[in-house]
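Data block below; observations after.
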Amino acid sequence: MTCDFSLEHYRALLDAAAAGGYRFAGFDTPPAPGVVILRHDVDLSLDAAVALAEVEAEAGAWSTWFLMTRSVFYNLGSSAGERAIARLRELGGRIAHHAVWPDVDLDDRFEPVVAWHNPDPEYMTAPIDGATNVMVSPWFDPEHYRSDSNQHWRHGCPHEQLARGEFEWLQLLTHPEIWAFDGATMRESMESFLDADRAARLEHLRADRIDLGWS
Ligand SMILES: [Zn+2]
Ligand SMILES: [Zn+2]
């Protein structure tokens, strides 16, 4: 099996977790033996999040989606943003907050669970008033954590270890954009994202009654 960053291999990861006997869990109870906590930090694209959520629903999996209120790339308050939240919930997902330090904008769209975006070590593991910080014990432990940052698994793709049931439990962080957009490298995946973003923005211009000089 090729460990690429595609929706097919994301599905393989989920199937590996099922083969390893894991069940899925969220951040509302401390991690128990045998659980995989799927966490997604949505940095760039709600469409990519929904694409991954569709794969999860097909696989009988579910996850917690950490969405930004202060993204420069998407607007959670737009009609597209509201549709994305509704679809993620419909597919069985939970909605939590991907916050930009120091602002925590927890409102009724979110569970009281926070993952900082690109955190500095100074505050990464600091407690957050009224919310669970996902990088704090018991949710976080280096031995029970894997992340796909920039298409790089620091300890290798976890699919084989999942299939063999080698983790007591695991918090698995993935970034949907890395998987949903085609590309053999991070640069190529980001070029695919930019192409899709341009096409979406042209549609927004049209919907906004901007005269594009086309008929
Ligand atoms: Zn793999
Ligand atoms: Zn982030």
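The values are calculated or read from the model by the stated rules, or taken from the named source; none is laboratory data. Values in this document were obtained by computation on a predicted structure and should not be read as measured data. Quick reminder, even Gly has a Cβ in these numbers, built from the backbone with ideal geometry, and neighbours come from all protein chains shown. All accessible areas refer to the heavy atoms of the entire protein, side chains included, with ligands and DNA or RNA removed. Shrake-Rupley method; radii C 1.70, N 1.55, O 1.52, S 1.80 Å.
Structure above, values below:
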{"quantity": "Cα-based Rg and Dmax for segment 27-101, where Dmax is the largest Cα-Cα distance (Å)", "calculated": "12.6, 40"}
{"quantity": "Viscosity 0.890 mPa s, 25 °C: Kirkwood-radius Stokes-Einstein D of segment 165-204 over Cα pairs, µm²/s", "calculated": "204"}
{"quantity": "Accessible carbon and sulfur surface of the chain relative to its total accessible area, %, 1.4 Å", "calculated": "50"}
{"quantity": "Cα pair distances in the chain, grouped into 5 Å bins until the bin that holds the longest one, percent each", "calculated": "1, 7, 14, 19, 20, 17, 11, 5, 2, 1, 1, 0, 0"}
{"quantity": "Segment 1-68: Rg to Rh, with Rh as the Kirkwood radius over Cα pairs", "calculated": "0.96"}
{"quantity": "Bridge type composition, the chain - antiparallel percent by DSSP, nearest 5", "calculated": "10"}
{"quantity": "Diffusion coefficient, µm² s⁻¹, Stokes-Einstein with Kirkwood Rh over alpha-carbon pairs of segment 70-163 at 20 °C and 1.002 mPa s", "calculated": "140"}
{"quantity": "Choice from His204, His98, His175 with maximal GNM fluctuation in the chain (Cα, 10 Å cutoff)", "calculated": "His204"}
{"quantity": "HN-Hα J in Hz across segment 143-152 - Karplus 6.51, -1.76, 1.60, θ = phi - 60°, x for Gly and Pro", "calculated": "6, 10, 8, 9, 9, 9, 3, 6, 6, 9"}
{"quantity": "Whether segment 77-119 is rounded, prolate or oblate, judged on the alpha carbon gyration tensor where a/c under 1.5 counts as rounded", "calculated": "prolate"}
{"quantity": "Candidates per trypsin sites (Lys or Arg not before Pro) in segment 119-172, loop by DSSP, up to 10 other Cβ within 10 Å", "calculated": "Arg154"}
